[in-house]
Structures are given as C-alpha cells and as structure tokens.
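Following: one structure in structure tokens, then a few remarks.
The values are calculated or read from the model by the stated rules, or taken from the named source; none is laboratory data. These figures come from a predicted structure and were not determined experimentally. Please note: Cβ atoms are built from the backbone with ideal geometry, for glycine as well, and neighbour counts cover all protein chains shown. Each accessible area value is taken on the protein alone, full model and side chains, heavy atoms only, with ligands, DNA and RNA left out. Shrake-Rupley method; radii C 1.70, N 1.55, O 1.52, S 1.80 Å.
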Amino acid sequence: MMTIDWHAVITGFGAGIAVSILYFLGLALSVRLALRRSRPAAVLLPSAALRIGLLLSAGWWVTDGGTLGGAFVGYALAFFLVRFIATLMARLPRVKEVGCN
C-alpha cells in the first residue's frame, strides 16, 4: 500500500502558492507595461523567460531535484489553484472611475 507524505504535500502546496502568486503578479505587471510600449515583445519575452525560470527553479528546489512525490503534487495543485483564481479575477468586469477622462 502506498503511503502519502502529507508534510511534503503541504510544504509543496505552500511553496507553490507563494511562487504562483509571484508568477501571476509578474505576468500582470509585464502585461501592463507591455501595453504602454510600442514594442511589447521587448517586455513580454524577457518577463516570460524570467517567470518561467523562477517557477521551474522553485519547483525543482521544493521537490529535491525533481523527485515526483507529494511535494510535486502539492506544488502543481497550488499552481493550478492560483491560476484558476487569477483567471477568474481577470474575467471580472472592471468598474470605470467616475470623473476621469
């Protein structure tokens, strides 16, 4: 029978929540900056490379070098949970400010 290391799952989940929040905050910031530029790729490409690298590096560190175990499951679950929440928040209608042109 397979046993689940709940400490590893919770550790991976906690780290995944923190790193995923930073990932999506970085995405939001880079998109806002890119929309103000005439060449958005100059902002989006380095931002994507940095965010993806940090996400994978943190995942590698949390899982002790790529061991597919409880920490990996918690980390991946946290990423998809934060992604789901971020996409829900992005779809919310924005309220326009009154009196601004």
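Number of residues in region 1-32 that are aliphatic (A, V, I, L, M), over 19 Å from residue 46 (Cβ atoms) and in a helix (DSSP H, G or I): the value is 7.
Within region 42-56, residues that are over 14 Å from residue 22 (Cα atoms) reach partners that are open to solvent by 30 Å² or more (accessible area, probe 1.4 Å) with beta carbons closer than 9 Å, at six or more positions or on different chains, in the pairs 43/31; 43/33; 43/36; 43/37; 44/31; 44/33. Inspect region 56-64 for any residue being farther than 24 Å from residue 11 by Cα, hydroxyl-bearing (Ser, Thr, Tyr) and either at pLDDT 95 or above or not in a helix (DSSP H, G or I) (or both) and give the result as yes or no. There is no residue in region 56-64 that is farther than 24 Å from residue 11 by Cα, hydroxyl-bearing (Ser, Thr, Tyr) and either at pLDDT 95 or above or not in a helix (DSSP H, G or I) (or both).
Quick test for you: out of 71, 90, pick the one residue that is of a type in the set (Gly, Ala, Ser), free of Cβ contacts under 8 Å to residues at least 60 places away in the same chain and assigned to a helix (DSSP H, G or I).
On the way: 71 fails: free of Cβ contacts under 8 Å to residues at least 60 places away in the same chain.
Exactly one of 71, 90 is of a type in the set (Gly, Ala, Ser), free of Cβ contacts under 8 Å to residues at least 60 places away in the same chain and assigned to a helix (DSSP H, G or I), namely 90.
Only residues that are under 25 Å from residue 2 (Cα atoms), of a type in the set (Ser, Thr, Tyr) and open to solvent by 70 Å² or more (accessible area, probe 1.4 Å) were counted in region 32-81, giving 1.
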